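The values are calculated or read from the model by the stated rules, or taken from the named source; none is laboratory data. What you are looking at is a predicted structure, and each value in this text was computed from that prediction instead of being measured. Here the Cβ positions follow ideal geometry from the backbone for every residue, glycine too, while neighbour counts run over all protein chains shown.
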Amino acid sequence: MKSPMDSVRFTCQPGCIKCCEQKGFVYLTEDDLKRAAAFVEMTPRAFEKKYVYRTAHELRFRKPREKQCPFLLEDGCSIHPAKPMQCRAFPFWGELLDSRKEWNRTARYCPGIGKGPLIQIAAARRMGGE
């Protein structure tokens, strides 16, 4: 789908965890699971048993009652170097890049939107894993 936007501005703001505080789930790929498990020095199987909910169609982190992700701390992500693709790709998700309305809605809580260098949508899609 051709994006209604040609380019966007975004740069992650130091100390910001607003994206991590939004309601929803953190979905994982098998590679995400293995990378995160290695980072916390657990086997993938032990990591999955403790932190992951698996169905026939998806993997996602189990959500603690008091926060959106088991690895979210007050000062940020405790597995930042090994965080899942979904997290690394934010805000360059297709559903945000395809809709100026959704991009602007996300900008209400994401202080990095509208800041930083101009990024062409094609480059943003590559950053988002598309």
**Request:** Scan region 19-33 and give yes if some residue there is in contact with a Gly (Cβ under 8 Å, 6 or more places away or on another chain), over 20 Å from residue 129 (Cα atoms) and assigned to a helix (DSSP H, G or I), otherwise no.
**Result:** no
**Message:** Pairs please, first residue from region 55-81 and touching a residue at least 40 places away in the same chain (Cβ under 8 Å), second anywhere and surrounded by 10 or more Cβ atoms within 10 Å (Cβ to Cβ) and in a strand (DSSP E or B), Cβ atoms under 6 Å, 6+ apart in sequence or on different chains.
**Reply:** 69/61
**Fill in**
Checking 117, 91, 81 in turn, the sole residue that is touching a Ser or Thr at 6+ places or on another chain (Cβ under 9 Å) and surrounded by fewer than 13 Cβ atoms within 10 Å (Cβ to Cβ) turns out to be 117
**Item:** Filter result for residue 67 (loosely packed, with under 15 Cβ neighbours inside 10 Å and either more than 22 Å from residue 127 (Cα to Cα) or of a type in the set (Val, Ile, Thr) (or both))
**Value:** yes
**Fill in**
Counting only helices (runs of 4 or more DSSP H) entirely within region 51-114, those with at least 1 residues that are at pLDDT below 95 and out of contact with any helix residue (DSSP H, G or I) (no Cβ under 8 Å at 6 or more places or on another chain) are 85-89, 100-107
